[in-house]
Every structure is written in C-alpha cells, then in structure tokens.
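To start, the structure under review is shown below, and the notes come after it.
Every number in this text was worked out from the coordinates using simple rules, so none of it is lab data. Keep in mind that what you see is a predicted model, and the values were worked out from it rather than measured. FYI the Cβ positions are ideal-geometry reconstructions off the backbone, even for glycines, and counts take in every protein chain you see.
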Amino acid sequence: MIQLKSAAVKKEQEEKNVQKRVSEIIERIRKEGDEALQEYNTLFDNCHRESYQITQEEIQKAYKEVKQSTLEDLKFAAKNIEQFAKMQKEIMCDLKEKEVLPGVFLGHRAIPIDACAGYVPGGRYPLPSSALMSIIPARVAGVKRIVTCSPVVKGTTSIHPATLVAMDLAGANEIYAMGGAQAIGALAYGTDCIKAVDLIVGPGNQYVTEAKRQVSGKVGIDFLAGPSEVVVIADQAANPKIIAADILAQSEHDPQARGILLCTDEKVGRQTIKEVENFLKELPTKDIARESWENNGEIILFSTLEEAICMSNEIAPEHLEIQVKNPDDMVWKLTNYGSLFIGEGAAEVFGDYVAGTNHILPTMEAARYTGGVWVGTFMKIVTNQRVTKEGLKQIAPVASRLGELEGLFAHKLAADVRLK
C-alpha cells in the first residue's frame, strides 16, 4: 500500500462546546416553547415571523419564482424517487399468520408511523433534492402527517423557493421556516404552534446532528450524519478525468468532505491528481473544494483489488464507486457502504439528484450497521401471536419452567393458569 496523496493530520474537534450549546437550546425549547424558538430563529437566522408555518400563499409565490425548467427537473427527479420507493414498498408487506407449531400461529404487520419530519438543510446552498429524498419515501410508506422544515434564506423570512416547491411537490403536509438545533428540539418536544413528531430524518450541520443525538429516544432518528464522503475503487481501465470530477463533486459540499481513491494503477492515481488540479482552476466552488481536497483527499495505491476492497469495507463510505474493468465480479465482496455506484456511467451525482435511490446516507463508518433512508425507515414491523388450546400444550409447560428458572413466578403463573 502506497499513499500517493495523504489527508492532513486531523485536529481534535471541540465537541463538548457544541454539546453544551445544543443542550441549552433544546432545554429552553422544552420549557419555553415558541418564545425560545422565536428568539433562536431571530438570533441565528435573523428571521422575524409571526408564524413559522408556511402558508399556501407563500407556496404559490414560490412556484412563480422558480423557472419552468427547474420545476420540470424537480418533477423528473421526484418521479424516479417515487418509482423506486414504490418498488421498495412491495417488500414491506404483512406476514400472514403461519402455524409454526400445532396451534401456535405467528405473523407480523408492516405499519407506517403516524408522524415524521424531514429536516432540509439550507446553509451554503439550497437543497431541494433533500426535500424530495426525505418526504417522498415517507408519503409512499403511508405516513399520515409529514412535516418538513428548512432555514430561511439569510436576511429574509422565506425558505428558498426551489426548496419550498420541492417540499410541496413531494407531498409535505406542514412546512415550517426554521432550522438548526432549535428546529430539532421543536419537532421532538412540540410547542404551541408545532405538534411533535415520531421520527426525524435528514442531514444537517454539526448542531443539527448533535440535536438529533440528544433527542434520540424521545423520537426516532435515521442516523447521525457527518461530512459527506465518497470512495472510488479503480484499476487501469478507469478514467482519471471522471474520477477527479466525482471527487470534486463530493469535495465542494463542505470543507470537511472526503474524496478518496483506492487504485491498483499508479498512472491512474497520479493522473487523477493532475485532473483535480486542472478542474480546480475553473471550478466556481473551488475555494471549498480545494480546502476539502487538500485537507481530506486521499489517493492510495494497492497491489490488488482485493486489498482495495478490504480497505473500502473498513472505511464504510457513504458513497462507493467501482470503476474497474469487471465491476460485477467484485460487487458481492463489498459489504459496507451507504449506496453503491457500479461502473463508469453510474456517477454519484445521479444518486444525489435523479436516479431514484436515496441520498440521505450513513457517514462516519455508520454504513457498517445501517443503510440509508428508504421506505422502511418510515415503517415498523410489529409481530403478533395466536395460541389455541392445542398450542398451549406445546409451549405453556416450557414457558412455565423457564419462568421458574429465572425466578419470575408470575410469569410461571401466567403460563400455568392457562393449562388449568
């Protein structure tokens, strides 16, 4: 293994200050409700609104402000996302009762949650795609009340019109102009103007992520997402120009984003570095992309693809691209990733916007134990049992003995009384 390009040495982040600040915000939201929410929205976003819920008039105004071509693009993306969500929904079916022992019937139901919220970031750029990704699967799942929120455009009282249109197209029932940790607190605990939800999904900055961590348990969350990341596995057949473009597409998200190339061909690795530099000369987002690339970008040379695969499974990236001669031969060996992009044509950016797979994905090695947001995120599998007199003869004596073994004599009683 040879490091052709290394990431900078990481400085320890002062997470305690963020934790403390977020804890204070959430506690005030719990105690003071709308008063604290208004204070924080004014402080952080300079947003002065009497009501934080977006009106139908504001939504219609947003449609008029969005280009027709943008509207058509959003509809195109929404259609693909919905189609894939419906395909996923087909596997989330009820398990009809089956007799596992004589007289013992077991089954389960797939039930959508009652209320969810999709948090849509609005920091550096408007992110209407995140609105589509969080709301459409919830609607397809059958969630009755879908709430969404996003910070206002700085210096205004409005959510970016493209984001607002996307929220409406996706099928949100309630839209709120608010962001940050205070929004997460309001969604989790509720205020006079916002009823609490059961689940919160969506990416955000470190304050939003920390707030989700602190309210987890009171409500469900998808996962704790950190800076965006992409890993590309490449051999001699890969195109360095395409790899460089994909790495920069990730790098421009955030100064903390990571773009990593794991390759088996030194020429491809070194040429990718040159192509990155060429693109950075003209890229409008070059300041952020360069900082991210210089501090976090890596190119590592391996002797074999097997070694690259092992490294990728250790990294467990949010996005994983495989640009090799025979990609299908290695798919089954890759086990830890948020979303997989197979072959040169499958750009990560297509997953971000239009292909139909979800872009709300696990980062920071969370792909070791979870996938991304999907229809199943908004549903719960609940089991049921039915036991006849014949079934009691099969299982009650065993339950009675196990209850006695554990010293839980009311458990034993509950089994025994059914046999008498």
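Put the Cα centre of segment 178-199 next to the Cα centre of segment 75-96 and the gap is 28 Å. Per-peptide packing, taken as the mean over residues of other Cβ atoms within 10 Å, places 293-303, 202-212, 328-338, 380-390 in the sequence 202-212, 293-303, 328-338, 380-390 from highest down. Checked against a 32 Å cut-off, the cross-linked pairs 89/218; 16/89; 16/195 give Cα-Cα distances beyond that limit for 16/89. Net charge dipole, the chain: roughly 1360 debye, given to the nearest 20, about the Cα centre with Cβ charges of +1 for Lys and Arg and -1 for Asp and Glu.
Listed values for segment 126-141 are Karplus-derived 3J(HN,Hα) couplings in whole Hz (6.51 cos²θ - 1.76 cosθ + 1.60, θ = phi - 60°), namely x, 10, x, 4, 5, 5, 4, 5, 8, 8, 4, x, 5, 5, 5, 5, and x replaces Gly and Pro.
In segment 15-221, a dipole from Cβ-located charges (positive for Lys and Arg, negative for Asp and Glu) runs towards its positive end, and of 175, 115, 36 it is 115 whose Cα lies farthest in that direction. Over 25 Å between C-alpha atoms is what I'm after, so list which of 61/212; 79/286; 96/380; 267/325; 241/325; 75/96 land there. Over 25 Å apart, Cα to Cα: 61/212; 79/286; 75/96. Taking every C-alpha pair closer than 8 Å and separated by at least 6 residues, the mean separation divided by the residue count of segment 75-141 gives a relative contact order of 36 percent. For residue 220, nonlocal amide neighbours, meaning residues 5 or more places apart or on other chains whose placed amide H falls under 5 Å from its own, are 199, 200.
Please list, or write none, the aspartates and glutamates whose alpha carbon is within less than 12 Å of the alpha carbon of residue 20, excluding same-chain residues fewer than 8 places away. In chain and number order, the partners are 210. In terms of packing, defined here as the mean over residues of other Cβ atoms within 10 angstrom, the peptides 216-226, 146-156 line up highest first as 146-156, 216-226. Only Lys, Arg, Asp and Glu carry charge here, each on its Cβ (+1 for the first two, -1 for the last two); on that basis segment 206-259 has a dipole of about 220 debye about its Cα centre.
Working note: Cα gyration tensor of segment 1-114, eigenvalues times five, square-rooted, sorted largest first, giving semi-axes of 39, 30, 27 Å.
Between amide H atoms placed 1.01 Å from N, distances below 5 Å from residue 380 occur with 111, 113, all of them 5 or more places distant or on a separate chain. Mean residue ellipticity, 222 nm, helices only, the chain: the sum of -39500 (n - 2.57) across DSSP H runs of n ≥ 4, divided by residue count and rounded to 500, is -14000 deg cm²/dmol.
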